[in-house]
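A.B. asks: What follows is a structure written as structure tokens; I'll ask about it next.
The values are calculated or read from the model by the stated rules, or taken from the named source; none is laboratory data. Everything quoted here is computed from the prediction, not taken from an experiment. FYI the Cβ positions are ideal-geometry reconstructions off the backbone, even for glycines, and counts take in every protein chain you see.
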Amino acid sequence: MSIRVEPLELPLSTDENSRRGDEFRKTVRLIDASNSALLGSGNQSVTPATVLSALQGQASERVESISAYRDEALVGHAEFFLPTSESTDIVDTLLLVHPDVQGRARQETFEALVQASLDRAGQLGRTTIFGGGVGVREGDITATTGYGGVMRDDPESVAWIRRGASLSQVYRYSRLDLDSLTDIDTRLGQAEQRSDGYRVVTWEGETPASYRADMRTLHERMSTDSPTGDLELEPETWSDERLAEFERFKIGSERRMFAAAVQHEESGQLVGYSQLVIAGDPCARQHNLIVLREHRGHGLGQLLKLAGIAQLRDNVPHADRITTMNAEENRHMIRVNEAVGFEVVTWTVVWQLRLDVESQVSGGTT
Ligand SMILES: CC(C)(COP(=O)(O)OP(=O)(O)OC[C@H]1O[C@@H](n2cnc3c(N)ncnc32)[C@H](O)[C@@H]1OP(=O)(O)O)[C@@H](O)C(=O)NCCC(=O)NCCS
């Protein structure tokens, strides 16, 4: 195979005048081109600043990245996410191949990236690896959840299947065009009337001190209550430092983060929240949305969604769309999103592979 894989060395700044600075900027262009081809133009744009900050990692999750070259041309990029607090047996991977690389070359590049992921997981002593691919509503292989699938000939999936991975989940990626939502205030008013006993609170940026304990609980519940199929993920624990680091990261690199929460009037507790993140481009991304189990069934998910959209409209005039990812089996969340007007763009999959001793030692064959 004529693909060479090597670690991506990060520059100190996005405009660093060096070979590693040049390779980094090429990588940013590759990520942007790949996102555009997979997820739709302008839906998942990146900037050098957002990529550099993401690749630097956080205390709760280290990140390593590699580059794949054919001759001297950069053809692929991979990111390995290594949780440090829980799920420490896992390597979660993001593998990208430039959309211009097609046919056999595309397959070979994915094979090299998948193999490099397995090799690195083995070196780190991590025993479970997650991978991706292009999904479909119904495919040749159905996810173990029973919702969504994959076509056998998707090049990324071919490389995971060959190594014995199982298809754990399929996620739908959908988008809401804000211009199409002309009656937001009426709908928000109706949702507020349906949720007697609760009120909406909103803020931008860091969570105010009085809400931080509740927000830690809500983040912890996101890790246990959003569907994760048979993925070997452990419940997360959120200290105040973790919350602070997460928020610093999300509002760094010229991004803005908006939160809408619902407060239970009787107890004062925050029982649900929704977050939207936006940079200089017009696409806001849904981060989390949850309602605590004890408070479901009052339409609070819909209320949060609409309150978040109104907050975005009022604060970010250049926003024209919101994108979101939902597990295909998460019918409750999808129902809320569809009612607001989100439409499917595409699906992505999650493969899970438990590494055996042989694949760690031999590096496998293709
Ligand atoms: C998505 C979510 C916010 C919807 O909650 P909600 O706004 O309270 O839902 P609704 O008020 O529309 O509930 C309608 C019915 O579905 C039920 N329901 C809602 N979510 C449910 C869930 N996750 N599991 C089982 N039943 C659920 C409600 O209890 C209610 O039942 P009822 O009619 O018998 O009273 C909630 O399911 C949730 O927080 N899920 C976990 C977090 C998550 O998956 N987030 C998205 C990650 S991408």
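A.B. asks: Considering GLU79, GLU64, which residue is in the same structural domain as GLN107 (by TED's automatic domain parsing) and surrounded by fewer than 19 Cβ atoms within 10 Å (Cβ to Cβ)?
C.D. replies: Working: GLU79 fails: surrounded by fewer than 19 Cβ atoms within 10 Å (Cβ to Cβ).
Only one candidate passes the filter, namely GLU64.
A.B. asks: Assuming ASN35 fulfils every condition listed in (1) surrounded by 20 or more Cβ atoms within 10 Å (Cβ to Cβ); (2) under 18 Å from the mean Cα position of the chain (by Cα); (3) within 17 Å of ARG106 (Cβ to Cβ) apart from one, which condition is it?
C.D. replies: ASN35 satisfies every listed condition except (1).
A.B. asks: Give region 8-24 a look and list any residue that's buried (at least 17 other Cβ atoms within 10 Å of the Cβ) and not hydrophobic (A, V, I, L, M, F, W, C), or say none.
C.D. replies: If we filter region 8-24 for residues that are buried (at least 17 other Cβ atoms within 10 Å of the Cβ), which is where we start, we get 8, 10-11, 14, 21, 23-24.
Passing the criteria: PRO11, THR14, GLY21, GLU23.
A.B. asks: Inside region 250-271, can you point out the residues that are part of a strand (DSSP E or B) and of a type in the set (A, V, I, L, M)? If you could, list the steps in order and put the result at the bottom.
C.D. replies: Filtering region 250-271 for residues part of a strand (DSSP E or B) gives 256-264, 270-271.
Across region 250-271, the qualifying residues are MET257, ALA259, ALA260, ALA261, VAL262, LEU270, VAL271.
A.B. asks: Mind listing whichever residues of region 294-310 are under 19 Å from ARG331 (Cβ atoms) and in a helix (DSSP H, G or I)?
C.D. replies: Just the residues of region 294-310 that are under 19 Å from ARG331 (Cβ atoms), to begin with: 295-305.
Within region 294-310, HIS295, LEU300, GLY301, GLN302, LEU303, LEU304, LYS305 qualify.
A.B. asks: Would you check if there is a residue in region 293-302 being surrounded by fewer than 20 Cβ atoms within 10 Å (Cβ to Cβ), free of Cβ contacts under 8 Å to residues at least 24 places away in the same chain and more than 12 Å from the ligand (Cβ to nearest atom)?
C.D. replies: No.
A.B. asks: Please count how many residues of region 219-241 are closer than 18 Å to TRP351 by Cα and within 13 Å of the ligand (Cβ to nearest atom).
C.D. replies: Looking only at region 219-241, we keep the residues that are closer than 18 Å to TRP351 by Cα, and these are 226-234.
Imposing the further condition that a residue be within 13 Å of the ligand (Cβ to nearest atom) reduces the set to 226-229.
Matching residues across region 219-241 total 4.
A.B. asks: Within the bounds of region 17-34, is there any residue that is part of a loop (DSSP other than H, G, I, E, B) and in the same structural domain as ASP89 (by TED's automatic domain parsing)?
C.D. replies: Residues of region 17-34 that are part of a loop (DSSP other than H, G, I, E, B), as a first pass: 17-18.
Going one step further and asking which of them are in the same structural domain as ASP89 (by TED's automatic domain parsing), we end up with 17-18.
Yes, region 17-34 contains at least one residue that is part of a loop (DSSP other than H, G, I, E, B) and in the same structural domain as ASP89 (by TED's automatic domain parsing).
A.B. asks: Would you say VAL63 is at pLDDT 95 or above, of a type in the set (Val, Ile, Thr) and assigned to a helix (DSSP H, G or I)? First the steps, then the outcome.
C.D. replies: Details: at pLDDT 95 or above: yes; of a type in the set (Val, Ile, Thr): yes; assigned to a helix (DSSP H, G or I): no.
Judged against the criteria, VAL63 is not a match.
A.B. asks: Pick out the one residue from LYS305, LYS250 that is in contact with a helix residue (DSSP H, G or I) (Cβ under 8 Å, 6 or more places away or on another chain) and either within 12 Å of the ligand (Cβ to nearest atom) or more than 18 Å from SER174 (Cα to Cα) (or both). Let's see the steps before the verdict.
C.D. replies: Values: LYS250 fails: in contact with a helix residue (DSSP H, G or I) (Cβ under 8 Å, 6 or more places away or on another chain).
From the options LYS305, LYS250, the qualifying one is LYS305.
A.B. asks: So how many residues does region 275-292 have that are within 9 Å of the ligand (Cβ to nearest atom), under 25 Å from SER53 (Cβ atoms) and without any contact (Cβ under 8 Å) to a residue 40 or more places away in the chain?
C.D. replies: 1
A.B. asks: If you don't mind, there's one more thing I want to ask. Regarding region 146-155, can at least one residue be identified that is among the acidic types (Asp, Glu) and under 22 Å from the mean Cα position of the chain (by Cα)? Don't jump to the end; show me each part of the working.
C.D. replies: Taking region 146-155 and keeping what is among the acidic types (Asp, Glu), we get 153-154.
When the remaining residues are screened for being under 22 Å from the mean Cα position of the chain (by Cα), the result is 154.
The answer is yes; a qualifying residue exists.
A.B. asks: Please enumerate the residues belonging to region 325-348 that are part of a strand (DSSP E or B) and either buried (at least 19 other Cβ atoms within 10 Å of the Cβ) or near the ligand (Cβ under 9 Å from one of its atoms) (or both). First the steps, then the outcome.
C.D. replies: Pass one, region 325-348, residues part of a strand (DSSP E or B): 325-327, 343-348.
Within region 325-348, MET325, ASN326, ALA327, TRP347, THR348 meet the criteria.
A.B. asks: Would region 135-149 turn up any residue that is of a type in the set (Gly, Ala, Ser), more than 17 Å from SER166 (Cα to Cα) and in the same structural domain as GLY21 (by TED's automatic domain parsing)? Break it down stepwise before answering.
C.D. replies: Quick first cut of region 135-149, residues of a type in the set (Gly, Ala, Ser) only: 135, 139, 143, 146, 148-149.
Keeping just the survivors that are more than 17 Å from SER166 (Cα to Cα) gives none.
The answer is no, given that none of the residues of region 135-149 is of a type in the set (Gly, Ala, Ser), more than 17 Å from SER166 (Cα to Cα) and in the same structural domain as GLY21 (by TED's automatic domain parsing).
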